[in-house]
Structures are given as C-alpha cells and as structure tokens.
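Input: a single structure, listed below in structure tokens.
The values are calculated or read from the model by the stated rules, or taken from the named source; none is laboratory data. Keep in mind the model is a prediction, meaning the values are calculated, not measured. Note: ideal-geometry Cβ built from the backbone for every residue, glycine included; neighbour counts use all protein chains shown.
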Amino acid sequence: MKKYIGEPVCLDLFGKKELIGTLVDFGSDILVLLSQNDFYYIPLFHIRAIRSLSVEEAGSLSQSNSSMTLSFDEQLSLKEVLQAAAKGIFVKVNVTPSHSIHGYITHVLDNYLVLFSPVYKTIFIPIHHIKFLIPYPEGFLPYGIDITKSAVSATHPHLAAFEDQLAKLQDSFITVNIEEKESVSGLLLGKEAGFIELQTVNGQQVHMNIQHIKTVLPSEYKKEKYRG
C-alpha cells in the first residue's frame with residue numbers, strides 16, 4: 001500500500017462504484033483519498049481493488065488542499081477517524097456508495113455511532129456499514145445556521161452495543177434503512193436470534209436481519225402500555 005502514497009489511484013468499491021484521486025494516507029483498517037477537493041476516509045473492508053491511474057487518467061485530476069482533514073490522537077484507524085469527527089465537525093457519511101447522510105457524530109460506541117442530522121434528528125449507524133466519511137471544512141455552517149448546540153442537547157444515554165440499543169427501542173416506532181429501496185417503517189415488537197420484528201402500517205409483521213440494517217431512525221412515539 002505504501003507505494004501508492006501520493007500517487008493518483010482508482011479505488012474499486014463494493015457496490016459497483018469507483019473513486020479516483022490521490023492516496024494521502026492509510027492505517028490499519030482505513031485509507032484517506034483526496035478526490036475533487038474532498039478527503040474521503042474509506043474503510044479497507046469496502047475496497048475491492050486499488051490500481052494506479054494511467055498518465056491519461058491522472059491528467060484529468062484537479063485537486064486542491066482546501067477541504068477539511070482530521071487530527072488524530074493516535075495512529076490512523078477507523079475508530080480514531082470517527083472519534084476525531086465527533087469533536088463538533090459536520091460530516092457526510094455514506095452507508096451505500098450513493099446514499100449520503102449529513103450531520104454531527106455525537107457518540108462512537110462499540111459497533112455503531114449516533115449521528116445528529118438536521119433533517120432526521122437522531123440516527124443510529126452500524127460502523128461496519130460505513131462506506132466512507134467526508135468531513136466538511138472547519139467552521140462550516142449547514143443550511144447557514146449553527147446547530148452544534150442542538151446536536152449536543154438532543155443526545156441521550158445510549159447502550160454500547162447496537163443490538164442492545166435496538167432492544168431498548170422495543171415498542172417504539174422506527175424506520176430502518178432510510179431513503180433506500182428496502183426502507184421499512186413500523187412498530188418494533190422485539191429482537192430475537194439476530195433479527196428484529198416490525199409491525200408495518202398494514203399490520204404485517206416483518207423480520208429483518210440486524211446484520212443488514214444500515215441505519216435506524218427512532219421516533220419519539222412509543223406504544224403506551226395497556227392499563228386495565
């Protein structure tokens with residue numbers, strides 16, 4: 001991997017997407033690519049192949065160093081990237097090559113993160129589904145307003161494991177895999193054997209494999225317990 005540092009490369013990502021740019025750095029489980037003025041932090045797990053660009057391909061690259069890079073307390077790794085981004089930096093997170101969610105990371109837990117989105121509010125994202133992360137420049141104001149205080153004040157205690165956090169949402173209304181074809185909304189009835197059970201708007205009960213859940217959007221609505 002070292003031979004590619006500072007070189008124009010093409011990354012073949014799972015999900016039928018290619019990214020071209022200059023390889024800036026790499027760590028134990030992540031690399032940094034400068035592409036079209038943005039720094040992409042990409043987990044190695046989602047990279048199928050990497051190759052050098054031809055002279056003709058490299059000639060079309062236009063790069064600058066105007067975007068935001070992250071500062072790390074330790075060696076470059078995915079966890080370090082997420083924790084650095086959680087220090088009040090507005091980010092774009094992709095859970096599919098074409099699906100972006102914008103917001104502030106408020107918590108980095110054992111196997112998932114909590115993102116505060118100006119559009120969706122609180123979102124839970126399993127870390128292994130993050131295809132790449134792009135930090136916005138320091139001082140960037142999304143929608144022209146400062147929402148960092150809202151992001152901090154809107155956070156609540158969360159359990160360390162994603163599966164346990166899902167169990168905590170039982171009897172709540174949630175949306176799974178927002179803005180995707182397989183998006184499902186419903187009442188979370190429970191969790192069992194690696195699946196969650198949702199009751200959808202028409203009363204149908206659906207079991208979803210937790211390993212394939214990319215995002216969870218909890219609602220403030222919670223089913224009231226019957227009082228006899």
Checklist entry - Does ALA167 fit the bill of being modelled with pLDDT of 90 or more, among the aliphatic types (A, V, I, L, M), surrounded by 11 or more Cβ atoms within 10 Å (Cβ to Cβ) and in a helix (DSSP H, G or I)? => result yes
Item to check | Output for segment 9-57, where each listed residue is surrounded by 14 or more Cβ atoms within 10 Å (Cβ to Cβ) and β-branched (Val, Ile, Thr) | outcome: VAL9, ILE20, THR22, VAL24, ILE30, VAL32, ILE42, ILE47, ILE50
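Before we move on, is ILE174 in a strand (DSSP E or B) and over 19 Å from LYS121 (Cβ atoms)?
Values: in a strand (DSSP E or B): yes; over 19 Å from LYS121 (Cβ atoms): no.
So ILE174 does not fit the description; no.
Let's see how each residue does on (1) surrounded by 13 or more Cβ atoms within 10 Å (Cβ to Cβ); (2) at pLDDT below 90; (3) over 30 Å from ILE20 (Cβ atoms):
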{"site": "LEU115", "(1), (2), (3)": "yes, no, no"}
{"site": "ILE147", "(1), (2), (3)": "yes, yes, yes"}
{"site": "HIS156", "(1), (2), (3)": "no, yes, yes"}
{"site": "GLU163", "(1), (2), (3)": "yes, no, yes"}
{"site": "ILE178", "(1), (2), (3)": "yes, no, no"}
{"site": "GLY194", "(1), (2), (3)": "no, no, yes"}
{"site": "LEU198", "(1), (2), (3)": "yes, no, yes"}
{"site": "MET208", "(1), (2), (3)": "yes, no, yes"}
Item to check | Selected residue [under 15 Å from THR122 (Cα atoms) and touching a strand residue (DSSP E or B) at 6+ places or on another chain (Cβ under 6 Å)] from SER185, SER219 | outcome: SER219
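For segment 1-115, list the strands (runs of 3 or more DSSP E) that sit wholly inside it and hold at least 3 residues that are of a type in the set (Ser, Thr, Tyr) and under 16 Å from the mean Cα position of the chain (by Cα); which are they? If you could, list the steps in order and put the result at the bottom.
Working: elements: 8-13, 17-26, 30-35, 38-43, 47-52, 90-96, 99-108.
Those strands (runs of 3 or more DSSP E) span 99-108.
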Next on the checklist: When you check GLY27 against the structure, is it under 18 Å from HIS99 (Cβ atoms), touching a helix residue (DSSP H, G or I) at 6+ places or on another chain (Cβ under 8 Å) and of a type outside the set (A, V, I, L, M), yes or no?
Outcome noted: no
